[in-house]
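Here's the structure we're looking at; comments come further down.
Where a number appears in this text, it was derived from the coordinates with a stated rule and is not lab data. Being a predicted model, the structure only gives us computed values, none of them experimental. Glycine also receives a Cβ, built like all others from the backbone with ideal geometry; neighbour counts cover every protein chain displayed.
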Amino acid sequence: MPIRIGQQDPRWANVKLKNSTLTIKNHGCLIVSLCMGISKLNPRTEIRPNDLARLLKFTDANHPYGEGLLIWGDNAEQFKQFGIEFVGRYMTANEDDFDNIDRMSESGDHFAVIEVLTKTGGRHWLFVWKWGWMNKPVCFDPWDGKVTYNPYGFKGKYVRMTGYAVFRKLTA
């Protein structure tokens, strides 16, 4: 089972995302989801959200799309430090992409983080891993620790998937 950690944990809730004014508690769902994925693929790697928040590169307040957005490609070397490789970031509103995530996770050397649209119009990230007796992708919510077998199963909390990113375990 993946390590479940939350963005409200007092050990890192008030840590700011590097070069931003945003905290892990309020804007760290992606960071926490990445930590769960890194821990799953590399169980001997000890990584906490506050470590990633200080290491990774994010947009600042002057960015046209806002602050605190992960700069995906600029973090390739940082990801390699944790034994993972960034495969790609995909923008989508297509539920069929969840099937693609399912296929990628067949080998056990990939994980995904998915971006979902909340009912209030916000964006939120979930960690996805193939797990359980049904061998289906499972979504782990870094906000409240809840688990579901699809991003739409959170009792109407999320409207739809809007995108995802995929990571692969580096081989020695």
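Taking the Cα centre of the range 24-169 as reference, the dipole from Cβ charges on Lys and Arg (+1) and Asp and Glu (-1) amounts to some 380 debye. In terms of distances greater than 20 angstrom between alpha carbons, the cross-link table entries Lys40/Lys130; Lys57/Lys157; Lys25/Lys136; Lys16/Lys80; Lys16/Lys157; Lys16/Lys169 yield Lys57/Lys157; Lys25/Lys136; Lys16/Lys80; Lys16/Lys157; Lys16/Lys169. Here the peptides 22-34, 157-169, 53-65, 6-18 are ranked by packing, the mean other Cβ count within 10 Å, and the order with the highest first is 22-34, 157-169, 6-18, 53-65.
Hey, what did the chain get for relative contact order, percent, Cα under 8 Å, at least 6 apart?
On the way: 347 pairs, mean separation 41.7, N = 172.
Answer for the chain is 24 percent.
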